[in-house]
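S.K.: My structure is below; once you've seen it, I'll send some questions.
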Amino acid sequence: MEEQKPLLNEETKARLVMAKNLREKKAKLKGDLDDVNAQLEALNIELVDWFESNKLKNITLEGIGMFYLNRQLIPSIEEQEKDNVYDWLKKRGDYQMLLTFNTMKWRAYYKERLEQGEDLPAGVKQFFQVDVRMRKA
């Protein structure tokens, strides 16, 4: 017995076409967003340089908002040192960090250890990410 194919009604056909169109629109928007992000990144580098060369922490544009330099400490673990850092966490009994290790938790954990004056394991490096942010007026 031959399998019967479902009949394609106009409503279903319209939904399939809509899905196709929305996927195309999504792809275009993603491309546009990638372009905007690249432009923002380049502009941010210029603005950080301008703020730093003028020794400014912030500046306010009337009716627009306040622009300010934001410095964020970013810790990282060298690839070849990951096992050592995990062992260090185990020895400290910080199992919660091992269970749900992610960038945000690691950053907070790292900052807390620094504030408490604790030594950190070898292989942990840090740098500051600097960008210009805005608070609306």
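S.K.: Give the span of the stretch 1-88's Cα atoms along each principal axis, as three whole-Å numbers ordered largest to smallest.
M.R.: Extents along the principal axes: 79, 52, 18 Å.
S.K.: Let me ask something else. With the chain treated as a Gaussian network of Cα nodes joined by springs under 10 Å, which of E112, E78, E24 yields the largest mean-square fluctuation?
M.R.: Most flexible of the set in this elastic network: E24.
S.K.: While we're on this one: Diagonalise the Cα gyration tensor of the stretch 58-136 and give the resulting equivalent ellipsoid semi-axes, square root of 5 times each eigenvalue, largest first, whole Å.
M.R.: Numbers: eigenvalues 230, 30, 24 Å².
Equivalent ellipsoid of the stretch 58-136: 34, 12, 11 Å, largest first.
S.K.: What angle do you read, to the nearest 10 degrees and between 0 and 90, between the alpha-carbon axis of helix 103-115 and the longest principal axis of the chain?
M.R.: Taking Cα atoms only, the helix is inclined about 10 degrees.
S.K.: Okay, moving on. Packing-wise, with mean Cβ within 10 Å as the measure, how do 83-89, 121-127, 9-15 rank, highest first? Mind dumping the intermediate values first?
M.R.: On the way: 83-89: 15.0, 121-127: 13.4, 9-15: 9.4.
Ranked from most to least packed, the peptides come out as 83-89, 121-127, 9-15.
S.K.: Between the helical axis of 10-53 and the dominant principal axis of the chain, each derived from Cα atoms, what acute angle in degrees is found, rounded to the nearest 10?
M.R.: Long axis of 10-53 versus the principal axis of the chain: about 20 degrees.
S.K.: So how long is each side of the stretch 9-55 along the principal axes, counting just the alpha-carbon atoms, biggest first, in Å?
M.R.: Here the Cα extents, ordered largest to smallest, are 67, 11, 5 Å.
S.K.: Relative to the present Cα-Cα distance, how much length would full extension add between E3 and E78 at 0.36 nm per residue of separation?
M.R.: Answer, rounded to one decimal: 21.2 nm.
S.K.: Return the long-range amide H neighbours of D94 (sequence gap of 5 or more, or a different chain), with a cut-off of under 5 Å between placed amide H atoms.
M.R.: Sorted by chain and number, the residues that satisfy this come to none at all.
S.K.: Next up: In degrees, nearest 10, range 0 to 90: what is the angle between the Cα axis of helix 82-92 and the longest Cα principal axis of the chain?
M.R.: 70 degrees
Values in this text are rule-based calculations from the coordinates and carry no lab data. Keep in mind it's a predicted model, so treat the numbers as computed, not measured. With ideal geometry, Cβ positions are generated from the backbone for all residues, glycine too; neighbour counts draw on all protein chains shown.
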